[in-house]
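Working notes, structure below.
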Amino acid sequence: MRYTDAPARREELLRRLSAEGYVSSSRVAEELGVSEMTIRRDLRQLEGEGLARRVIGGASLPNLGHGRPFDERAVTGSGEKRAIAEACLDLLDGAITVALDAGTTVAPLTGMLRPGTTIVSHSAPVIQAAIERDDVELVAVGGVYQSETRSFAGATARRTIADYSVDIAVLSATAVDTTGILCANALDAELKQELARAARTTILLVDHSKLGARAPIRVGGLDLVDVILTDPGADPDDLQALRDAGATVVVAGEHVAPGALTAGTAMTAGTAPADAPGVGVS
């Protein structure tokens, strides 16, 4: 379909903004079969209506740079996000200290971690869920509270995380493509980088809608994480592109071979035979 009709084109731009939090003028112009100048005019009108905020190279949601509100993101793809969190448990076997990032895909993992785990987190939902358990240790990272991500950030949070050495950090992201990991909040990006530095192993949890999507702030390259874990709804082309770029990709719902976490190869995770050993991480 060629979006030559302005109302239909702007509706499509809003759909993409809602789904991804960001649109690239050049990319969307090519995909919709119109000029980049036309897209810029559309985005200028949407900004005037309070529906978008223009940034370099495209536009973001009007509450930039923080993407959609946490509650809205939490109910989007909730089934896929829980499946990803459950599959992540296969990769945490043997981990004693686990750092959990702020994000709606990571938060469900809090209630699934085995008793005795030490949880390090700046996420308010993670902290609250950990408090409600009496069988885990909690290191609550404080700082400047951000309502958009329901998390703490800033210099205090960075210094606290830097004082810890964790077995595994579990991160979230707004988007991931062959160039690296992206998010929509500069303070959030800093905390993701600090968590990755503190961890011996880093896992990125992203539902399939984040693969190949865009966001305005770069967290780091694909080498920032050891594994990308997504759901079975992922486009095979997106998975292959990430693997061709050197990423180790796990798809929830299939077995992970023992030791695969450090193998640096494409793999899948989730339901394993009852007698299959877990994935060791140390």
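The values are calculated or read from the model by the stated rules, or taken from the named source; none is laboratory data. All figures in this text were calculated on a predicted structure; none of them were measured in a lab. Cβ sites come from the backbone with ideal geometry, for glycine too, and all protein chains shown count toward neighbours. Side chains are part of the model used for accessible areas, which takes the heavy atoms of the whole protein and leaves out ligands, DNA and RNA. Shrake-Rupley method; radii C 1.70, N 1.55, O 1.52, S 1.80 Å.
Observations
- A single member of T174, T179 is more than 26 Å from T117 (Cα to Cα), buried (at least 17 other Cβ atoms within 10 Å of the Cβ) and of a type in the set (S, T, N, Q), and it is T174.
- Reported count of residues in segment 225-245, each being open to solvent by 10 Å² or more (accessible area, probe 1.4 Å) and in contact with a Ser or Thr (Cβ under 7 Å, 6 or more places away or on another chain), is 4.
- Remark: L182 falls outside the filter, which requires a residue to be modelled with pLDDT of 95 or more and in contact with a Lys or Arg (Cβ under 9 Å, 6 or more places away or on another chain).
- The residues on offer are A85, A95, and the sole one that is crowded, with 17+ Cβ neighbours inside 10 Å, under 13 Å from the mean Cα position of the chain (by Cα) and at pLDDT 80 or above is A85.
- Some residue of segment 126-139 being out of contact with any Ser or Thr (no Cβ under 6 Å at 6 or more places or on another chain), touching a residue at least 12 places away in the same chain (Cβ under 8 Å) and open to solvent by 50 Å² or more (accessible area, probe 1.4 Å): yes
- Matching option when the condition is under 13 Å from P216 (Cβ atoms) and at pLDDT 70 or above, among R53, R16, R41, R27: R53
- All of (1) crowded, with 23+ Cβ neighbours inside 10 Å; (2) at pLDDT 90 or above; (3) outside any strand (DSSP E or B) hold for G67 with one exception: (2).
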